[in-house]
């Protein structure tokens with residue numbers, strides 16, 4: 001039986017969750033529960049839906065055909081709490097030429113000490129490590145793109161995303177209005193919340 005991931009949300013095309021044009025995958029469940037996290041609804045393990053890894057692989061490959069994607073970003077939630085399935089997904093996509101970036105709340109030493117951590121490190125291109133610290137937010141000017149707080153560390157496990165310029169620049173942000181009228185935000189959560197309030201205010 002193929003491995004499955006508990007998924008909260010996926011986005012077939014974004015440029016706000018890592019360098020280049022990417023598929024973004026938010027996993028469900030996180031025991032770290034960082035104060036100030038922009039996705040607290042992803043803390044419970046019981047939400048979302050279970051999706052088999054081969055199904056996700058086909059979704060990502062279809063999105064690459066449609067949108068000329070460079071890779072996939074896995075965020076959450078906490079991806080390392082579903083490490084075996086993440087490793088299977090990452091290996092399948094890397095084998096088809098896609099880059100893989102994973103954001104984890106665990107620190108680099110914690111990743112190395114976790115069961116399955118070594119397999120994950122061997123299957124992805126870049127790992128962003130560390131709990132979000134709302135008291136140490138990454139500055140909007142002169143800070144790193146795509147990174148939430150200054151304590152978080154970048155670990156390039158292949159040269160694919162190792163160029164520092166890929167991680168510099170203004171905060172990344174995308175707003176989408178669903179057919180139901182809801183506003184979805186990708187990228188910088190603080191800036192996204194402010195922009196969403198403006199959009200709602202202008203629509204009244």
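The values are calculated or read from the model by the stated rules, or taken from the named source; none is laboratory data. Since this is a predicted model, take the numbers as computed values, not measurements. With ideal geometry, Cβ positions are generated from the backbone for all residues, glycine too; neighbour counts draw on all protein chains shown.
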Per-region count, the stretch 149-185, residues under 18 Å from residue 18 (Cβ atoms), assigned to a loop (DSSP other than H, G, I, E, B) and at pLDDT below 90: 4
Residues within the stretch 55-77 that are more than 21 Å from residue 4 (Cβ to Cβ) and over 16 Å from the mean Cα position of the chain (by Cα), tallied: 5
Residue count, the stretch 64-84 (criterion: assigned to a helix (DSSP H, G or I) and surrounded by fewer than 20 Cβ atoms within 10 Å (Cβ to Cβ)): 4
Residue check, residue 146 assigned to a loop (DSSP other than H, G, I, E, B), in the same structural domain as residue 32 (by TED's automatic domain parsing) and touching a helix residue (DSSP H, G or I) at 6+ places or on another chain (Cβ under 8 Å): yes
Residue in the stretch 133-140 that is crowded, with 17+ Cβ neighbours inside 10 Å, outside any helix (DSSP H, G or I), touching a strand residue (DSSP E or B) at 6+ places or on another chain (Cβ under 8 Å) and at pLDDT 95 or above present: no
Residue 52 vs. criteria surrounded by fewer than 20 Cβ atoms within 10 Å (Cβ to Cβ), under 14 Å from residue 98 (Cβ atoms), in the same structural domain as residue 97 (by TED's automatic domain parsing) and out of contact with any helix residue (DSSP H, G or I) (no Cβ under 6 Å at 6 or more places or on another chain): no
Candidate set from the stretch 34-55 (those that are outside any loop (DSSP other than H, G, I, E, B) and touching a strand residue (DSSP E or B) at 6+ places or on another chain (Cβ under 7 Å)); member that is nearest to residue 186 (Cα to Cα): 42
All positions within the stretch 85-105 that are assigned to a loop (DSSP other than H, G, I, E, B) and touching a residue at least 24 places away in the same chain (Cβ under 8 Å): 96, 98, 104, 105
